[in-house]
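The values are calculated or read from the model by the stated rules, or taken from the named source; none is laboratory data. This structure is a prediction, so every number in the text was calculated from the model and none was measured. Heads up, the Cβs are rebuilt from the backbone with ideal geometry, glycines too, and the neighbour counts pull from every protein chain shown. The accessibility values were calculated without ligands, DNA or RNA, using every heavy atom of the protein model including side chains. Shrake-Rupley method; radii C 1.70, N 1.55, O 1.52, S 1.80 Å.
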Amino acid sequence: MDWIIGAVGACLVAGAAYAKKSLSASGAIAAVLMGTIYYGAGNLFWFGLLLLFFVTSSVLSKVKQAEKRQAEQMYEKSGRRDAAQVMANGGIGMILCLGNYIWPSPIWFGAFVGVMATVTADTWATEWGSLSKKPPRSVVSWKPLPAGTSGGVSLRGSAAAVVGAGMIGTAAAVLLAWTKSGPDWPLWAWIPAGALGGTVGAFVDSFLGATVQVMYRCPVCGKSVESRTHCGSPTVRYRGWAFMNNDAVNLLSSAAGGALALAVMILAGRWFG
């Protein structure tokens, strides 16, 4: 029955997102698969955090779209999320959910909260940071960068990252108390675990974006972009590892955030459990 409930709920959410043009067709299919597994193999805790990330991120992506349009032209992907983006943001969480289904252990819960906090923090930072009136600065050199450049951070975006990560940590504590499931760790500790793991994970994303993420130069306008085409012409790679695109960066930063949140919860369990 849980798998059926998960499938129905995922279809409703993905269908609405597709109708609102938040997901492409492939993205909607991936979201249905993911949502079904999150609820069927997990419960409301797993599905709820995924839903919270997706809904808040989709809403923020619609805020002041006209002002964000110039920055979005520099991203590898923008607008409707495709299957690769859906899996990059929720794929690790899905694996953790299945891991707990096959081999129940507290480690899956701790890592999962950090992963979801990271993808939420990163998305919130991007959506709100792109509205900053001041140009972002390189997380490595601290030099001003054009809006939308990988590896750029701003005060507004950083604040949004902390709030988004903290929201996931708080929601995790609430959902675990509600479902009466999960590890025997202090409920309050999930809040700092999510906030710290997600915030650090988002900055890892920025660091990778500034150092090893593949970047291209548009031969028409001269801008530095993430995409292989710009201004209707093929772009030229000028730095970064060829395989390290935005989705790969998201996966690595999510893993970092998940590991940190898990470490925080293990320490909290030992010291206060």
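Scanning region 30-66 for residues that are out of contact with any Phe, Trp or Tyr (no Cβ under 8 Å at 6 or more places or on another chain), open to solvent by less than 20 Å² (accessible area, probe 1.4 Å) and of a type in the set (A, V, I, L, M) yields Ala30, Met34. Given the structure, is Gly164 under 22 Å from Arg137 (Cα atoms), touching a residue at least 60 places away in the same chain (Cβ under 8 Å), in a helix (DSSP H, G or I) and out of contact with any strand residue (DSSP E or B) (no Cβ under 6 Å at 6 or more places or on another chain)? So Gly164 passes the test. Within region 109-120, does at least one residue satisfy the condition of being farther than 17 Å from Ser61 by Cα, of a type in the set (A, V, I, L, M, F, W, C) and open to solvent by 20 Å² or more (accessible area, probe 1.4 Å)? No, region 109-120 contains no residue that is farther than 17 Å from Ser61 by Cα, of a type in the set (A, V, I, L, M, F, W, C) and open to solvent by 20 Å² or more (accessible area, probe 1.4 Å). All but one of (1) in contact with a Leu (Cβ under 6 Å, 6 or more places away or on another chain); (2) open to solvent by less than 20 Å² (accessible area, probe 1.4 Å) hold for Thr179; which doesn't? Just one mismatch for Thr179, condition (2). Which residue is surrounded by the most Cβ atoms within 10 Å (Cβ to Cβ), if the candidates are limited to region 149-171 and must be more than 22 Å from Phe112 (Cα to Cα) and polar (S, T, N, Q)? The residue in question is Ser150. Of everything listed in (1) farther than 30 Å from Ile191 by Cβ; (2) in contact with a Phe, Trp or Tyr (Cβ under 8 Å, 6 or more places away or on another chain); (3) open to solvent by less than 30 Å² (accessible area, probe 1.4 Å), the single unmet condition for Ala268 is (1). Taken together, Thr199, Thr211 contain a single residue that is under 24 Å from Ala173 (Cβ atoms) and either without any contact (Cβ under 8 Å) to a residue 24 or more places away in the chain or among the hydroxyl-bearing types (Ser, Thr, Tyr) (or both), which is Thr199. Only one entry of Leu196, Leu208 meets the criterion of being assigned to a helix (DSSP H, G or I), open to solvent by 80 Å² or more (accessible area, probe 1.4 Å) and in contact with a helix residue (DSSP H, G or I) (Cβ under 7 Å, 6 or more places away or on another chain), and that entry is Leu196. Selection of region 216-273 for residues being of a type in the set (A, V, I, L, M), part of a loop (DSSP other than H, G, I, E, B) and within 21 Å of Asp82 (Cα to Cα) yields Ala242, Met244. Of all the residues in region 8-29, those that are part of a helix (DSSP H, G or I) and open to solvent by less than 30 Å² (accessible area, probe 1.4 Å) number 6.
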